[in-house]
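The values are calculated or read from the model by the stated rules, or taken from the named source; none is laboratory data. Keep in mind it's a predicted model, so treat the numbers as computed, not measured. No Cβ is skipped: glycine too gets one built from the backbone with ideal geometry, and neighbour counts run over all protein chains shown. Please note that ligands, DNA and RNA were not included when accessible areas were found on the heavy atoms of the full protein model with its side chains. Shrake-Rupley method; radii C 1.70, N 1.55, O 1.52, S 1.80 Å.
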Amino acid sequence: MKYLLFVFLVLMVGCQDLNSGTHISRSSVEGVASHILSQNPDADFFVFEERIYLKKDNVDTSNIRRGEIAGKIESNLSPNLTFENLSATNIPINTKIYKLKNEKSLDRLIADIDGQLILYQVAIEG
């Protein structure tokens, strides 16, 4: 019995995401992206480390400070809906993506578009 409990605990710990448990597989990224676009063809989002980040509308970003750079948008939506890391629907290529200052979680990121900070939040699969 102790052995089964030990195996169960090892499996549970091994399957956890250290940030927040919202990482999804590559095929799931494409599935979620396709679903979002089917609901809203003008959806504003990007992919970062197998997570989809949706633009948060009507958010006051005056108190949000950017931390270290997480990356730059490398490509826009391809015709066959293949999303690569740092690809986006509406964000211009070479736009810098930042972590939030003093925030360890990667659930929210900031895009600096022409000096304007835009908040994006990870989309939960489902």
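Can you give me the % of accessible surface on segment 28-122 that is carbon or sulfur? Probe 1.4 Å, all protein chains present, nothing else counted. That share works out to 43 percent.
First select every other residue whose beta carbon is under 9 angstrom from the beta carbon of ASP44; then total the charges, Lys and Arg +1, Asp and Glu -1.
Details: positive: LYS55; negative: ASP42, ASP57.
Residues close to ASP44 contribute a combined charge of -1.
For segment 28-122, a crude dipole built from +1 on the beta carbon of Lys and Arg and -1 on the beta carbon of Asp and Glu, taken about the Cα centre, is about 360 debye to the nearest 20.
Taking label points 7 Å from Cα along the Cα-to-Cβ direction, ASN102 and SER78 give a separation of 4.1 nm. Averaged per residue, segment 28-122 has 56 square angstrom of accessible surface, using a 1.4 angstrom probe with ligands and nucleic acids left out. Above 15 Å, the calculated P(r) of segment 28-122 contains 56 percent of its Cα-Cα pairs.
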